[in-house]
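This report refers to the structure that appears directly beneath it.
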Amino acid sequence: MLTLRSAAALLERLPQARGKADLCAALGFQPPVAISQSTARQLGLSAFSGIQVAVGAGALRALCVDAPDEPSLQALVLRIGAALERRTASVRWILLVTAAAGRESSLSCWHSDERRRRTSSLVVRHDSVSSADAEMLCALCAASGGDDLLVHERWMELLGRDTISRRFFRELEQRVADLAASLTGVPAGDAAELALLCTSRLLFLSFLESKQWLNRDRDFLARHFDECMANGGGFHGRVLLPLFFGTLNTPRRQRSPRAREFGAVPFLNGGLFSRTPTERLYHRHRFSDFALGRLFGDLLGRYRFTAHEQDDAWTEAAIDPEMLGKAFENLMAAGERRTSGAFYTPQRLVVHLVHAALGQALVERGLDEAIASRALEGVGLDAEECDRLARALIDFTVLDPACGSGAFLVQMLAELTRLHRAAGDMRDASVIRRGVLCSAIHGVDINPMAVWLCELRLWLAVVIENDERDVTAIPPLPNLDCNVRVGDALAGDGFETVSTVTGPSRAAARLHARYVRASGARKLPLLRALQREERARALEHLEQELRRVTGRRAALARALRTVDLFGERARPSDEDVTELGTLREQAGGLRRSQRALMRGGALPFAFPSHFASAHAAGGFALVIGNPPWVRIHNIAASERIRLRARYRVYSQAGWSTGARAANAGVGFAAQVDLSALFLERSATLASERGVVAMVVPGKLWQSLAGGGVRSMFGDALHLR
């Protein structure tokens, strides 16, 4: 039975022949033996020399390959796995490959079905074996006895992301709770937010460590923690605060002597490492060294972090950005699912919806369906097709109106980057991705913490594509606070009316384009100028709406005062009286909002002011997401009144056709789902030939309360 210490030692010596033999023995295989060149050719592995095979129980076999000159371990494993799958489909392989000049090894299994082959791997750096790596090897060895097929399935399950994800989430939840509890004199809700902010920043830095961006030290954080503890403690105040708020958010030339002591640390801009309002309120409070030590010992130091994006074809037994987003989303939503409807969207569903939506959106923008399909599948295009794809991608914009921690936006960023490359853009992938993020990706969420974590995941998505080794050449991260907004997507106005206010729209668009890339001293003045333009935009839009409402009210009043041929005035109907009252209330509300804004009041969220450039362009090319699934009776009564007045799918939710057929009243509107309201709002935010792609409950097409949704599709939208 392996101990954690002996397992770690075994992983460290894997590049040696003795290490491979010991690993095979621990997993229940016979000693590995070299195969001949003719056997290697039969296996499709003639390009490699020194291949060894170890025989296990039944159909189990272990293949050991050394490829020191191969820089990409993942590509190598997938290539070998494909060759073995074609020629030895009945054999259950576990593959041990050492590559990247002997610095890395992987232990991999795969499973194939009719659609794809899925490979799960433990990737180990021999100079930094983590506790999680050693634990994984112990679990694999413990599962190695018994039926060969069951053993292989257990290995697949252990190496899969679900197993490590569950362990990681349990540890993350406990360590965040410990951090929050260590803050004395801070209300529980604020303490939890501060703990989550600190933990997420440290996890972000753990990904940077894996890229050696923190003074070229893969143990940068742990080393500074150990040094601080050896010199009296106080890690939060003495190390984290100057690192977060004096180093990572400060240009190198402007750093203090204390900040320079951290060494070669990149300037990442102030968005991620700026104090939030809650942090400013409790700026004198500190997390305890004990709680931070548990965080390092049980989370940051225990798990290995990988900046590689994983997919259905390849997963590693490590923490990746997508897994981090899932963990944070679960943490945030644990206590508020009933009212917020916040649920994690499975990655496979995210990928499926993004592909389908992008393909349809490109077709609506004039691209042939066959070209769009080939581009999304990664099939090469000729020069003319590349040009047509490039034209379809010009000014392409995406919105997720309930973005959560950003699963759809991160996937959309990756796919749009790939499409730009397919269209012939030969710039570095990190440069393309940064440009797409700045101009095309937009999101809204009512939860400020969700917006912050969405920004973090998008920043990570930019970081992972950058292979720069010189930290002085790493560009600052873009400012995303004007791309991903805190707000209620169902409040305020959508793009129901065509924008006639082109001046402020164009000015705001220009300022936004400059601000999102700004850093240093230019950032704050540009932000203030953009906020002034957004306020002007909001006032102009209010004036436009007020003219529309008062015009409609005046026209209705004139119609009621008009006399017929006999000199009689028409008697107002109940509907006319109700409409006149509603219009009067709307006009009063618009005037009050105008006065509040002109006095400097807070700018309420509204799509025309906060996304002025998209409004001026006629809307977003694609609106996508997984809106909250919440029964409307879980919303406060005052909010229900507001939503019923604004949304047709609520006010006319009853199934009128069925009611007429049964000679019954139209009811069941109280059971309408919040996702139906998001569908209606999304339809007003998409451009004339835009696409709306939403994950919604099937009951919208079947329930009595879904009549409003079905009527909306019949009248205004084309369902695909």
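In the calculated pair distance distribution of the stretch 165-263, what percentage of Cα-Cα distances lie above 18 Å?
It works out to 55 percent of all Cα pairs.
Relative to the longest principal axis of the chain, what angle (0 to 90°, nearest 10) does the C-alpha long axis of helix 347-364 take?
For 347-364 against the chain, the angle is about 50 degrees.
In whole Hz, with x marking every Gly and Pro, tabulate ³J(HN,Hα) for the stretch 295-300 from phi via Karplus 6.51 cos²θ - 1.76 cosθ + 1.60, θ = phi - 60°.
The phi angles translate into 4, 6, x, 9, 10, 5 Hz.
In the chain, what % of DSSP beta bridges are antiparallel (nearest 5)?
Percentage antiparallel, nearest 5: 50.
Taking the alpha-carbon set of the stretch 425-558, what are its Rg and Dmax in Å?
18.9, 72
Can you list the aspartates and glutamates whose alpha carbon sits under 15 Å from that of Lys326, skipping same-chain ones fewer than 8 residues off?
Asp162, Glu171, Glu173, Glu309, Asp311, Glu455
Express the Stokes-Einstein translational diffusion coefficient of the stretch 358-420 in µm² s⁻¹, to the nearest whole number, given a Kirkwood radius over alpha-carbon pairs, 25 °C and a viscosity of 0.890 mPa s. Numbers along the way, then the final one.
On the way: Rh = 12.3 Å.
The Stokes-Einstein estimate is 199 µm²/s.
When only Cα pairs under 8 Å and 6 or more residues apart are kept, what is the percent relative contact order across the chain?
Computed over the chain, the figure is 10 percent.
How big is D, in µm² s⁻¹, for the stretch 136-202 by Stokes-Einstein at 10 °C and 1.306 mPa s if Rh is the Kirkwood radius over C-alpha pairs?
111
Charges at C-beta only: +1 for Lys and Arg, -1 for Asp and Glu. How large is the resulting dipole of the stretch 390-514 about its Cα centre, in Debye rounded to 20?
Once rounded to the nearest 20, the dipole reads 380 debye.
What is the projected area of the convex hull of the Cα atoms of the stretch 510-604, averaged over all directions, in nm²?
8.5
What is the sum of charges around Arg18, taking Lys and Arg as +1, Asp and Glu as -1, for the other residues whose C-beta is under 14 Å from the C-beta of Arg18?
Values: positive: Arg13, Lys20; negative: Glu12, Asp22, Asp66.
Taking every Cβ under 14 Å from that of Arg18, the sum is -1.
Which value results when the Cα radius of gyration for the stretch 421-475 is divided by 2.2 N^0.38 Å?
1.33
Rounded to whole Å, give me the distance from the Cα center of the stretch 394-408 to that of the stretch 1-76.
A separation of 44 Å, based on Cα centres.
Need one number: convex hull volume per residue for the stretch 23-167, Cα atoms only, in Å³.
So the per-residue Cα hull volume is 113 Å³.
Quick one: if you stick a label point 7 Å off each Cα along the C-beta vector at Val431 and Ala491, how many nm between them?
4.2
Sort out for me the Cα centre separation of the stretch 420-499 from the stretch 196-214, rounded to whole Å.
Their Cα centres are 19 Å away from one another.
Against the globular-protein guess of 2.2 N^0.38 Å, express the Cα radius of gyration of the stretch 350-483 as a ratio, rounded to two decimals.
Computed over Cα atoms of the stretch 350-483, the ratio equals 1.07.
If you filter the stretch 566-646 for chymotrypsin sites (Phe, Trp or Tyr not before Pro), then keep DSSP loop positions with at most 13 other Cβ within 10 Å, what is left? Walk me through the intermediate numbers first.
On the way: sites: Phe566, Phe605, Phe611, Phe620, Trp629; in loops: Phe566, Phe605, Phe611, Trp629.
Within the stretch 566-646, the qualifying chymotrypsin sites (Phe, Trp or Tyr not before Pro) (loop, at most 13 other Cβ atoms within 10 Å) are Phe566.
For all pairs of alpha-carbon atoms in the chain, what percent lies in each bin of width 20 Å, listed from the first bin to the last filled one?
Reading upward from the zero bin: 15, 43, 31, 9, 2, 0.
Ignoring ligands and nucleic acids, what accessible area does Val410 show with a 1.4 Å probe (Å², nearest 10)?
So the heavy atoms of Val410 present about 20 Å² to solvent.
Could you work out Rg/(2.2 N^0.38 Å) for the stretch 14-103, with Rg from alpha carbons only?
1.01
Tabulate in residue order the Karplus-calculated ³J(HN,Hα) for the stretch 446-456, using 6.51 cos²θ - 1.76 cosθ + 1.60 with θ = phi - 60°, rounded to whole Hz; enter x for Gly and Pro.
6, 9, x, 5, 5, 4, 5, 6, 4, 4, 4
Any idea what angle helix 707-716 forms with the longest principal axis of the chain, computed on alpha-carbon atoms, 0 to 90 degrees, nearest 10?
80
Roughly how many Å² is the accessible area per residue of the chain, as a whole number, for a 1.4 Å probe?
On a per-residue basis, the chain sits at 45 Å².
Please list, in chain and number order, the residues 5+ apart from Val630 or on another chain whose amide H is under 5 Å from its amide H, with Hs placed from the backbone.
Long-range HN contacts for Val630: Leu674, Ser675.
Within the stretch 260-285, list the residues whose amide N lies under 16 Å from a label point set 7 Å along Cα→Cβ of Thr184.
284-285
With charges set only on the Cβ (+1 for Lys and Arg, -1 for Asp and Glu), what does the dipole of the chain come to about its Cα centre, in debye to the nearest 20? Can you show the working numbers first?
On the way: 91 positive and 79 negative charges, 390 e Å.
With Lys and Arg at +1 and Asp and Glu at -1, about 1880 debye.
Along the stretch 389-398, what does the Karplus equation 6.51 cos²θ - 1.76 cosθ + 1.60 (θ = phi - 60°) give for ³J(HN,Hα), rounded to whole Hz, x for Gly and Pro?
5, 4, 5, 5, 8, 5, 6, 6, 10, 10
Would you grab the residues whose amide H sits under 5 Å from the one on Phe620? Only those 5+ places off in sequence or on another chain, please, with H modelled 1.01 Å from N.
Ala686, Ser687
Using the Cα centre as the reference, give the magnitude of the dipole from point charges on the C-beta atoms of the stretch 144-200 (Lys, Arg: +1; Asp, Glu: -1; all else neutral), rounded to the nearest 20 debye. All intermediate terms of the calculation are to be shown ahead of the outcome.
Values: 6 positive and 10 negative charges, 26 e Å.
The calculated dipole for the stretch 144-200 is roughly 120 debye.
Given H placed 1.01 Å from N in the peptide plane, which residues other than close sequence neighbours of Gly443 have an amide H under 5 Å from its amide H?
Sorted by chain and number, the residues that satisfy this are Asp400, Val484, Arg485.
Enter the Cα centre distance for the pair the stretch 514-550 and the stretch 159-184, rounded to the nearest angstrom.
40
The values are calculated or read from the model by the stated rules, or taken from the named source; none is laboratory data. Computed from a predicted model, the values in this text were never measured in an experiment. Backbone-built Cβ (ideal geometry, glycine too); neighbour counts: all protein chains shown. We work out accessible area using only protein heavy atoms, side chains counted, and drop any ligands, DNA or RNA first. Shrake-Rupley method; radii C 1.70, N 1.55, O 1.52, S 1.80 Å.
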